[in-house]
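First comes the structure, then the notes that go with it.
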Amino acid sequence: MRMRSPLASGAIALSTKTQCYDQSTYIRLAPMPKQLTIAQAQQQLLSLPSELTDEPIIITQDGVPVIAALSYAHLTALLETLDILTDSEFVKKLRQSISQAEQGQTISWETAKAQIGQ
């Protein structure tokens with residue numbers, strides 16, 4: 001069950017450690033994950049779980065990405081994010097909260113707790 005904290009304002013921050021470029025336009029998009037060929041992935045299969053803790057691994061065939069390997073924790077986080085972002089009412093409130101925060105319309109933690117009865 002998804003738990004959401006009631007906030008007067010909120011924000012989402014994403015950070016990247018490395019760079020990834022779209023193969024056709026070479027525009028900076030996201031972190032560049034490690035790449036392995038299918039043969040390399042087969043040879044390293046038993047060690048892959050320990051390598052997937054920080055970022056996914058892209059497995060290629062003939063130089064073309066065909067599989068994205070990621071940890072179960074990352075998969076569940078992605079699924080949770082998708083679930084949240086498909087909740088249109090929540091996204092509406094999130095956008096409103098971000099706008100309020102950008103405008104300095106925030107409340108203290110104590111006030112927020114009082115408003116929800118804690």
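Every read-out reported here was derived from the displayed coordinates using simple, explicitly stated rules and does not represent laboratory data. Being a predicted model, the structure only gives us computed values, none of them experimental. No Cβ is skipped: glycine too gets one built from the backbone with ideal geometry, and neighbour counts run over all protein chains shown.
Which residues, counting only those in segment 36-62, are in contact (Cβ under 8 Å) with a residue 24 or more places away in the chain and among the β-branched types (Val, Ile, Thr)?
First, the residues of segment 36-62 that are in contact (Cβ under 8 Å) with a residue 24 or more places away in the chain: 36-38, 41, 54-55, 57-61.
Hits for segment 36-62 are THR37, ILE38, ILE57, ILE58, ILE59, THR60.
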Residues that are part of a helix (DSSP H, G or I), over 19 Å from the mean Cα position of the chain (by Cα) and in contact (Cβ under 8 Å) with a residue 12 or more places away in the chain, drawn from segment 63-105: SER97, GLN100, ALA101
